[in-house]
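Taken together, the values in this text are just the output of simple stated rules run on the coordinates, not laboratory data. These numbers were taken from a predicted model, which means no experiment stands behind them. Quick reminder, even Gly has a Cβ in these numbers, built from the backbone with ideal geometry, and neighbours come from all protein chains shown.
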Amino acid sequence: MNDNINEHSQMKAQAAIARLERFSKLTDSSIGIPFTKFNIGLEAVIGLIPVIGDAAGLILSSYVLIEAQRLGVSKRIKTKMIINMLIDFVGGLVPFFGDVFDAFFKANTRNTQLLKKHLNKQLSE
């Protein structure tokens, strides 16, 4: 029975990571910049709207944190995620440079990778 629980937890974690990777791609790198290899996401576009766009980006970013909570991730990992979210939010508030910062920082991708690394480490133990 313990193997079934562990297998179920692993499948749940893998499904969450797959959802988060799709979400991160959409919000951080779904739009190609013509004549470059650089991509931005919907969050960078939304962030062009002063203050409201940055607040919307912060709300969107909370999805990764909610998934981490559902998976029972440690407080330390969630704190790192919150720090990434706040860096992205505060950095995005600076006119013009904040929009460029948003396009490069990619908090959702960072947090998804942080969660993926943590879960893979946890599952291999």
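Bins of 10 Å, beginning at zero and ending with the bin holding the largest distance: percent of Cα pairs per bin for the chain, please.
Calculated P(r), rounded to whole percents: 14, 41, 28, 12, 4, 0.
Cα-Cα over 24 Å: which of K37/K117; K12/K117; K37/K80; K37/K78; K37/K121?
Beyond 24 Å: K37/K117; K37/K80; K37/K78; K37/K121.
How high is the relative contact order of the chain, in percent, counting Cα pairs under 8 Å that sit 6 or more residues apart?
Computed value for the chain: 27 percent relative contact order.
With unit charges on the beta carbon (Lys/Arg positive, Asp/Glu negative), name the residue among N39, I77, T27 whose Cα is farthest towards the positive pole of the charge dipole of the chain.
Checking the options against the dipole of the chain, the answer is I77.
Under the rule of at least 5 residues apart or a separate chain, name every residue whose amide H is placed under 5 Å from the amide H of I31.
I40, G41
Considering only the other residues whose Cβ falls under 15 Å of the Cβ of I49, what net charge follows from Lys and Arg at +1 and Asp and Glu at -1?
With Lys, Arg at +1 and Asp, Glu at -1, the net is -4.
Ordered by packing density, taken as the mean number of other Cβ atoms within 10 Å over each peptide's residues, highest first, how do 84-91, 46-53 rank?
Highest-to-lowest ranking by the protection proxy: 84-91, 46-53.
Against the longest principal axis of the chain, how steep is helix 52-70, in degrees 0 to 90 to the nearest 10, with axes from Cα atoms?
Long axis of 52-70 versus the principal axis of the chain: about 10 degrees.
Please give the calculated 222 nm ellipticity per residue for the chain, where each DSSP H segment of at least 4 residues contributes -39500 (n - 2.57) and the sum is spread over every residue; nearest 500 deg cm²/dmol?
Per the formula, -26000 deg cm²/dmol.
Against the globular-protein guess of 2.2 N^0.38 Å, express the Cα radius of gyration of region 69-125 as a ratio, rounded to two decimals.
Working it through for region 69-125, the quotient is 1.31.
Compute the long axis of helix 2-29 from its Cα atoms, compare it with the longest principal axis of the Cα atoms of the chain, and write down the angle in degrees, 0 to 90, nearest 10.
So the inclination is approximately 10 degrees.
Calculate one ³J(HN,Hα) per residue across region 94-104 by plugging θ = phi - 60° into the Karplus curve 6.51 cos²θ - 1.76 cosθ + 1.60, and present them in order as whole Hz with x for glycine and proline.
Couplings: 6, x, 6, 4, x, 5, 5, 4, 4, 5, 9 Hz.
Quick one: putting +1 on the C-beta of Lys and Arg, -1 on the C-beta of Asp and Glu, what dipole do you get for the chain around its Cα centre, in Debye to the nearest 20?
340
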